[in-house]
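Take a look at the structure set out below.
Every number in this text was worked out from the coordinates using simple rules, so none of it is lab data. Computed from a predicted model, the values in this text were never measured in an experiment. FYI the Cβ positions are ideal-geometry reconstructions off the backbone, even for glycines, and counts take in every protein chain you see.
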Amino acid sequence: MLFPTLVLLGLLTGALIGATGVGAGSLMTPMLIGVFRLPLPLAIGTDLCFAALTKLGGALAHWRQGHVDRALLARMSLGSLPACAGTLLAMHQLGWARAGQGVLRTALGVALLLTAAMIAGRGTWGRIALRAGRRIPAAARHALTVALGGLLGVLVTLSSVGAGAIGSTLIALLHPRLRARRLVGTDIAHAVPLSLLAGAGHAWLGHVDWRVLAALLLGSLPGIWLGSRASAWLPERITRTLLAATLLGAGLRML
């Protein structure tokens, strides 16, 4: 696997992340598996570390600007971080680096299909959130938020996908009055510790290729900057449709 090719992949992925806001896992993991032929556990673990580090700067910026709902972040983390730790322990005990690759592949396929659906139907999900979210009592909303965190903790640990499009859409369904900037900021702020914990756990299991990770980061950091600049003139409908179609195809291939 050539180092310059991986740097270029990081650059392209970073540009797509900067232009569209789609999480790194949704784009990177299928390419590491399909193009570079990384073993499934290694691709997932490497991508989790990549996602955490590429989102860290964005999370800090949102935190400084006051775009993070701390109470919501705490409830989501209360569900996601223990679920992530429990999933990692189960993977260690069951030896899923070898025997559980079918489970990992299924989880990745499902996560990619869900992400494609969330991206393609972003407007529809928003309208559903406005109608249904207001009917949920406050106590139930808090409990469901913790449960949502638990679901994301398991899904992200098994697939490296879900903290972005899936997480933000489900947050919007439960909290329809949350402003868009606080929705995005809270979602990114939650994704960073979750991805860091999951990535550290996969590293503990031996599922991180450090050389690949270094090359991807070297390309992605300038790529994110370029993508964020390009987002001003890229038609959102076209980029959303292309991304949804790509993720749909990747998800079906995984399954």
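Quick notes on this structure:
- Converting phi to 3J(HN,Hα) with the Karplus coefficients 6.51, -1.76 and 1.60 and the offset θ = phi - 60°, the range 2-7 yields 6, 4, x, 5, 5, 4 Hz in sequence order, with x at every glycine or proline.
- 3J(HN,Hα) along the range 58-67: x, 5, 5, 5, 5, 5, 5, 8, x, 9 Hz, from the Karplus curve 6.51 cos²θ - 1.76 cosθ + 1.60 with θ = phi - 60°, whole Hz, x for Gly and Pro.
- Estimated FRET transfer efficiency when R0 is 30 angstrom, pair R64-L226 (beta carbons, to 0.05): 0.85
- Taking a point 7 Å from the Cα of A90 along the Cα-to-Cβ direction, the residues of the range 139-173 with backbone N closer than 14 Å to it are 150-159.
- The alpha carbon centroids of the range 161-220 and the range 29-87 are separated by 2 Å.
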